[in-house]
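Take a look at the structure below.
The values are calculated or read from the model by the stated rules, or taken from the named source; none is laboratory data. Note that the coordinates shown come from a computational prediction; the quantities given were computed from them, not determined experimentally. Positions of Cβ are backbone-derived with ideal geometry, glycine not excepted, and every protein chain shown enters the neighbour counts.
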Amino acid sequence: MDKRLRASQFRDRLNRALVEAGLSKSALARQIGVDRSTISQLLTDEGGRLPNAHVVGACAAALGVSADWLLSLSDRPESAAELLAGALSLTEAPRALVDERIFEWHREAAGYKIRHVPAALPDMLKTRALLEWEYAPHLGRTADQAIGASEDRLAWMRQAQSDYEIAMPLYEVQAFADGTGYYQSLSPDVRREQLDYLADLCAQLYPRLRICLFDAKRLYSSPITIFGPLLCVFYAGSHYLAFRDRDRIETFTSHFDRLIREADVTARQFPDHVRALRQNALP
């Protein structure tokens, strides 16, 4: 940009920020530690010179805008802190099925491809028996109502016009079939029913639902859901960490795509893989 044009835009933006902040020239001068005449010169000088970085930064801080915006290096007047706050949110993650926040994100992203690395088996693909085993201890006397309401939401998510691509580590499905680790107290009957249901459902819903399995010895991923180009959400146990800025969404989308690209069990192979596990572990 031409220096004179940049200087002209600086004056226009400084005037605008001053008006919107409700400050006088004298008040701004006092806040940044300069004479009132200096502010007047900044606002009226028709030359092509810009003030030094210290003055620009001080004006930006006092007026609640970014120095980049004053200098026409950005079209967003918000400060970096405000932009970060708008792009990042931290919300509580209750130990429940599909809580209201998760459901809102799915409705917002309806029609977009949803990429998901679950913390365990995906809730939307669990049988009622598995849901009761996993969540009833946390839901108490309201378990039946809560699971019933969540089943309605899970049904909506399965029927929404979104493609689901899910990546899980190989050991998760193996541990479920074997009844080891987290699933040690789960009865063989529940595991058998779940594996049959999972294999049949994935075969029926392919290609709208695709599940791949990756080798965790080579690749790692924390639980994450990427809602199209809108946001990506990390699950940290007690909280969700959600990003809405494009660069981070693209970064984590690339991370997810690598899990799919290097998967040991592809989406086409997944139903047969699950049936084989079921036959070997739970004949």
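Would you call residue 175 in a helix (DSSP H, G or I), farther than 28 Å from residue 100 by Cα, without any contact (Cβ under 8 Å) to a residue 40 or more places away in the chain and of a type outside the set (Phe, Trp, Tyr)?
yes
Looking at segment 189-212 only, could you name the residues that are assigned to a strand (DSSP E or B) and touching an Asp or Glu at 6+ places or on another chain (Cβ under 6 Å)?
If the condition is that a residue be assigned to a strand (DSSP E or B) and touching an Asp or Glu at 6+ places or on another chain (Cβ under 6 Å), then 210 is the only one that fits.
Hey, among 87, 96, 109, which residue is modelled with pLDDT under 80, within 27 Å of the chain's Cα centre (by Cα) and farther than 30 Å from residue 181 by Cα?
None of the other options fit; the residue is 87.
I need every pair where a residue in segment 7-28 that is in the same structural domain as residue 67 (by TED's automatic domain parsing) and within 19 Å of residue 66 (Cβ to Cβ) has its Cβ under 6 Å from the Cβ of a residue that is in a loop (DSSP other than H, G, I, E, B) and among the β-branched types (Val, Ile, Thr), sequence separation at least 6 or different chains.
17/65
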